[in-house]
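Asker: One structure is given below, represented as structure tokens, and several questions about it will come after.
The values are calculated or read from the model by the stated rules, or taken from the named source; none is laboratory data. Worth saying up front: this structure is predicted, and the values here are computed from it rather than measured. Methodologically, a virtual Cβ is constructed for each residue, glycine included, from the backbone with ideal geometry; neighbour enumeration extends over all protein chains shown. These area figures cover heavy atoms from the full protein model, side chains too; ligands, DNA and RNA do not enter into them. Shrake-Rupley method; radii C 1.70, N 1.55, O 1.52, S 1.80 Å.
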Amino acid sequence: MGVFAIFDGHCGNQASRYAAEKIPLHLEVALSEGIEQRDSHFFTKTQALEEALSKAFANTDNSFCNLCTTDGRNWECGSTALVALVIDDDLVVANLGDCRGVICGSSIQSDDLCESSVHSELNGWMSLVEGDEQGWKINRDNANCFWKDVVDIHSPLREDEKLRIEKANGWVTVEQDVCIGQLKRLDLYDEDVMDILKRCFSDRLDDKSKNSVAPGRLLEVGRVCGELAVSRALGDRDFKSSFNPPSSLDFDCTDNNKHQDSLCWKGPDFLPYYTQQGHNSCFYGDLVSAEPEIQTLKVGRKGVFDEFLLLACDGLWDVMEVDDAVRVARGLLFEKHWTARKAAARLAELAIQLGSSDNITVILIRFFRV
């Protein structure tokens with residue numbers, strides 16, 4: 001079994017440090033319970049793994065939020081969480097927040113794989129072309145390279161997340177900024193930086209959806225009630241119903257019975273309620289959720305080789321598209337024959353040279369067939 005995780009804290013490092021220490025312990029307990037339930041024929045193997053991850057997240061969040069106000073503490077911090085669990089040929093990925101993960105592999109018989117739905121754009125798999133007019137070589141040995149996002153990030157601007165927040169009587173604000181600072185931090189003497197910039201301002205220029213990290217772009221950041229830039233996280237107790245007092249009778253929580261199944265609670269004083277006309281300072285359910293989204297995949301499939309998993313926090317993805325990260329990682333692993341650790345360090349270095357000003361954590365896991 002392998003467990004790989006990234007915790008990216010905000011408003012302090014207590015939540016991320018706590019999660020790094022406690023989630024493995026909670027996961028071990030939950031896995032033991034899951035094995036017992038599986039032996040009782042209640043769960044399949046993958047269901048047991050998913051349930052264990054969900055329990056580990058919930059228990060960690062609950063214990064940390066309670067810790068935030070004990071013994072004189074007044075912690076207001078939180079943390080994103082991305083945890084990948086590998087057991088045999090099962091890969092289970094659980095996520096809260098804006099870290100991202102991508103799995104990549106190559107195959108010779110791509111048509112056969114697509115027919116069996118192993119690699120299909122309908123299943124989220126994307127294909128990298130072998131090269132382009134600028135001469136960038138992507139694949140080797142006549143192989144076809146595929147990659148797939150294994151994480152759906154939790155932004156307040158994501159339609160379903162925004163709807164959930166608004167249903168809880170919250171709101172989402174949008175900030176816009178031009179990334180001029182990124183331009184100033186670029187290292188134009190790095191060949192990989194120049195290759196990525198050429199792609200940003202050439203083949204992607206007409207497709208704004210593929211040019212979301214170009215230096216000088218207009219950046220949009222959504223915030224939960226004008227504060228948090230992620231809609232799901234560990235901690236952030238001020239945004240969760242179980243850790244705040246119920247509202248007093250001075251607040252109207254009926255709202256035509258729309259929220260009758262949710263606990264009505266008084267929001268924290270620091271939120272800018274004045275920006276929302278007639279807001280009563282109470283909410284229904286969680287504004288920031290600790291329920292992870294989980295994806296399960298198979299690794300080590302027949303006919304697939306050069307397979308790896310790339311996990312990183314937003315410090316990398318703010319300045320690098322997924323296909324560029326895959327290109328760089330593949331080149332370092334399979335052309336230069338670097339170790340996964342060294343290649344991950346290079347990706348983090350490259351993010352800095354592309355102008356990232358955020359903290360950067362990168363984990364690269366290479367899979368070998370036995």
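Asker: Pick out the one residue from V150, V172 that is touching a Lys or Arg at 6+ places or on another chain (Cβ under 9 Å), modelled with pLDDT of 95 or more and at negative phi.
Answerer: V172
Asker: Moving on. Considering only the stretch 57-79, state which residues are part of a loop (DSSP other than H, G, I, E, B) and not β-branched (V, I, T).
Answerer: Selection gives C68, D71, G72, R73, N74, W75, E76, C77.
Asker: Now for a different question. Working carefully through the options A48, A5, A52, find the one that is open to solvent by less than 60 Å² (accessible area, probe 1.4 Å) and at pLDDT 95 or above.
Answerer: That would be A5, the only listed residue that is open to solvent by less than 60 Å² (accessible area, probe 1.4 Å) and at pLDDT 95 or above.
Asker: Among what's in the stretch 277-299 and is on the phi < 0 side of the Ramachandran plot, open to solvent by 60 Å² or more (accessible area, probe 1.4 Å) and part of a loop (DSSP other than H, G, I, E, B), pick the residue that is modelled with the lowest pLDDT.
Answerer: The selected residue is Q277.
Asker: Mind listing whichever residues of the stretch 319-343 are of a type outside the set (V, I, T), part of a loop (DSSP other than H, G, I, E, B) and at pLDDT 90 or above?
Answerer: Within the stretch 319-343, K336, H337, W338 meet the criteria.
Asker: Okay, next question. Across the stretch 187-224, what is the total count of residues that are assigned to a loop (DSSP other than H, G, I, E, B) and at pLDDT 75 or above?
Answerer: Count: 2.
Asker: Please work out if G355 is part of a helix (DSSP H, G or I), out of contact with any strand residue (DSSP E or B) (no Cβ under 8 Å at 6 or more places or on another chain) and either modelled with pLDDT under 95 or surrounded by fewer than 19 Cβ atoms within 10 Å (Cβ to Cβ) (or both).
Answerer: No; evaluated as a whole, the condition is false for this residue.
Asker: Within the stretch 335-352, which residues are surrounded by 19 or more Cβ atoms within 10 Å (Cβ to Cβ), within 26 Å of M1 (Cα to Cα) and not small (G, A, S)?
Answerer: The one that is surrounded by 19 or more Cβ atoms within 10 Å (Cβ to Cβ), within 26 Å of M1 (Cα to Cα) and not small (G, A, S): L347.
Asker: Just give me the residues in the stretch 1-26 being of a type in the set (G, A, S), assigned to a strand (DSSP E or B) and closer than 22 Å to L309 by Cβ, in sequence order.
Answerer: Matches in the stretch 1-26: G2, A5.
Asker: Another question, if that's okay. Any idea how many residues of the stretch 61-97 are open to solvent by less than 50 Å² (accessible area, probe 1.4 Å) and either under 30 Å from K302 (Cα atoms) or in contact with a strand residue (DSSP E or B) (Cβ under 6 Å, 6 or more places away or on another chain) (or both)?
Answerer: So the count comes out to 21.
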